[in-house]
Amino acid sequence: MATCCTFILQYTTDNVIIWGTGKASELIYNFLKKFNAHTNIKYYADNSSMKWNSKKYGLQILSPKEVVKIVNENLNSNIIISSQYMVDIRKQLLSLGIKNDVIDVKGYNLAKDYFRFKKETPYMAINSHINEYEKVYSFLSDERSKEVYLGILNCKISLDNKYLEGIADPEKEQYFDKKLIHIVEDEIFCDYGSYNGDTLEIFISLSNGKYKKYIAIEVDKEICTELHNKAVQNRYENIQIYNLACWNEKRILKFQPAQTASRVTENGEISVQADTLDNILKDEKVTFLKMDIEGAEQMVLKGASRIIKENKPILAISIYHTLEDYYKIPIMIKELDPEYKIFIRHYRALLGQDTICYAIPKNRLK
């Protein structure tokens, strides 16, 4: 928690500008408010011209040009970047002549993890399962995976994202790491958490349109319709879309829709029918299974045990939604098939998200 105290002390006397006006900015505001440091927030800033001259929490939202002027006039200014596009925004600020020591890239991760782990610190959680984390580390298949895994765990323990520096691969390779994955012409790709077709478009491009089938599973009905329209408009062939949820058993789940991160939750507004992947895809010989489903990965994997044991598909599974996913998901996969080669890759520079566990059978190693 030393990093937390250092961060708070830094912003008890300075003129603070929060760059970004979305949910991330609210997280930082509430974090500083928790320690009575929010009164030092003087402005917000955003790249969207539609937001300039409006207000958030009673504070003016500045344009980039106005930020430069204020920073030049006040040497004690600090800018906290509150956006998933942290790397791009930092480059933008540097290009505007703002010095690197004025720009903060730690606050967003720090605030997010502080509220997420307020009942149990990441150090306590990791230390209580250190044998499991060590077990995963021992069967990682390359040095890059070990470097990534240690970097993420050290970041969680210290609440300092300096450990994330240098471990991110290009975002465009997420789910399809070019050093690990090769799409084959008879690929049957199942995309659970398909969203509006961003992964579909990458898959089509990487396969050069040569694949057997693309199966999309998406819970949100509106997003599912958007995905269908995209497939029709682009004349994509052999596309099958399911508007439903997956779980470890057939049941009704509560679901909370969101723009980019819909999730299953007890307080969800919508009831959805769920079933296992083993039942839904019982007639499909899936060769590649991808999941990015906001923390439901463990439950869905349990309901896909037959597919994994019988078909031995390539797996690309998100493991960044909970701390326990970092050890439980790799161990679950190895228990389903000990022959899988396990790799860990990370795709969001300076942010503790978009971490993927790849499981690749020997005959599909690139």
Original post:
If you take the charge dipole of the chain about its Cα centre, with +1 on Lys and Arg Cβ and -1 on Asp and Glu Cβ, which of SER49, VAL68, LEU253 is farthest toward its positive end?
Top reply: VAL68
Original post:
Label LYS302 and LYS65 with points 7 Å out from Cα along Cα→Cβ: what is the distance between them in nm?
Top reply: 5.7
Original post:
In percent, how large is the relative contact order of segment 181-222, given Cα pairs closer than 8 Å and 6 or more residues apart?
Top reply: 56
Original post:
Considering only DSSP beta bridges with both partners in the chain, what is the antiparallel share in %, to the nearest 5?
Top reply: 35
**OP:** Would you work out which of MET332, ILE183, TYR320 lies farthest towards the positive end of the dipole of the chain? Charges go on Cβ: Lys and Arg +1, Asp and Glu -1.
**Re:** TYR320
Original post:
In whole Hz, what ³J(HN,Hα) sequence does segment 290-302 give by Karplus (6.51, -1.76, 1.60; θ = phi - 60°), x for Gly and Pro?
Top reply: 10, 9, 9, 9, 6, x, 8, 4, 4, 5, 6, 4, 4
Subject >> P(r) histogram, all alpha-carbon pairs of the chain included - 20 Å bins from 0, percent >> reply: 27, 54, 19, 0
Original post:
Check ILE80: other-chain or 5+ apart residues with amide H under 5 Å from its amide H, H built from backbone geometry?
Top reply: ILE17, ILE18, TRP19, ASP104
Subject >> Low-density loop cleavage sites - GluC sites (Glu not before Pro) in segment 102-155, where at most 14 other Cβ are within 10 Å (DSSP) >> reply: GLU120
Subject >> Helix-only mean residue ellipticity at 222 nm for the chain, each DSSP H run of n ≥ 4 adding -39500 (n - 2.57), per residue, nearest 500 >> reply: -10500 deg cm²/dmol
Subject >> Integer Hz, Karplus 6.51/-1.76/1.60 couplings in order for segment 124-139, x for Gly and Pro >> reply: 5, 5, 5, 4, 6, 10, 4, 5, 5, 5, 5, 4, 4, 4, 5, 9
**OP:** Heavy atoms only, probe 1.4 angstrom, no DNA, RNA or ligands counted: give me ARG345, ARG251 ranked by accessible area, highest first.
**Re:** ARG251, ARG345
Subject >> Karplus (6.51, -1.76, 1.60) ³J(HN,Hα), θ = phi - 60°, over segment 346-358, in Hz, Gly and Pro reported as x >> reply: 10, 10, 9, 4, 6, 10, x, 9, 6, 9, 10, 9, 9
Original post:
How far is helix 86-95 tilted off the main Cα axis of the chain, in degrees rounded to 10, range 0 to 90?
Top reply: 40
Original post:
Any idea what the dipole of segment 230-366 comes to, in debye rounded to 20, about its Cα centre with Lys/Arg Cβ at +1 and Asp/Glu Cβ at -1?
Top reply: 480
**OP:** Place +1 on the Cβ of every Lys and Arg and -1 on the Cβ of every Asp and Glu in segment 96-200, take the dipole about the Cα centre, and give the residue among VAL136, ALA168, GLY97 whose Cα lies farthest towards its positive end.
**Re:** GLY97
Original post:
Around TRP247, which amide H atoms from residues at least 5 apart in sequence, or from another chain, sit under 5 Å from its own amide H, with H modelled in the peptide plane?
Top reply: ASP275, THR276, LEU277
**OP:** With a probe of 1.4 Å, find how much accessible area the chain has per residue, and write the answer as a whole number in Å².
**Re:** 48
Subject >> Contact order normalised by residue count of the chain, Cα under 8 Å, 6+ apart, percent >> reply: 15
Original post:
Just how large is the dipole of the chain about the Cα centre, in debye to the nearest 20, putting +1 at every Lys and Arg Cβ and -1 at every Asp and Glu Cβ?
Top reply: 420
**OP:** Scan around ILE314 for amide H atoms under 5 Å from its own, H built in the peptide plane at 1.01 Å from N, and keep only partners 5 or more places away or cross-chain.
**Re:** PHE288, LEU289
Subject >> Using alpha carbons only: equivalent-ellipsoid semi-axes of segment 98-176, gyration tensor based, whole Å >> reply: 24, 20, 10
Original post:
Highest mean first, what order results for 66-79, 219-232 on Cβ atoms within 10 Å?
Top reply: 219-232, 66-79
Original post:
Is there a pair in LYS135/LYS366; LYS172/LYS254; LYS119/LYS156 whose C-alpha atoms are over 23 Å apart, and which pairs would that be?
Top reply: LYS135/LYS366; LYS172/LYS254
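The values are calculated or read from the model by the stated rules, or taken from the named source; none is laboratory data. Since the model is a prediction, treat every value here as computed from it, not as a measurement. Positions of Cβ are generated from backbone atoms using ideal geometry, with glycine treated the same way; all protein chains shown enter the neighbour counts. Note: areas computed on protein heavy atoms with side chains; ligands, DNA, RNA excluded. Shrake-Rupley method; radii C 1.70, N 1.55, O 1.52, S 1.80 Å.
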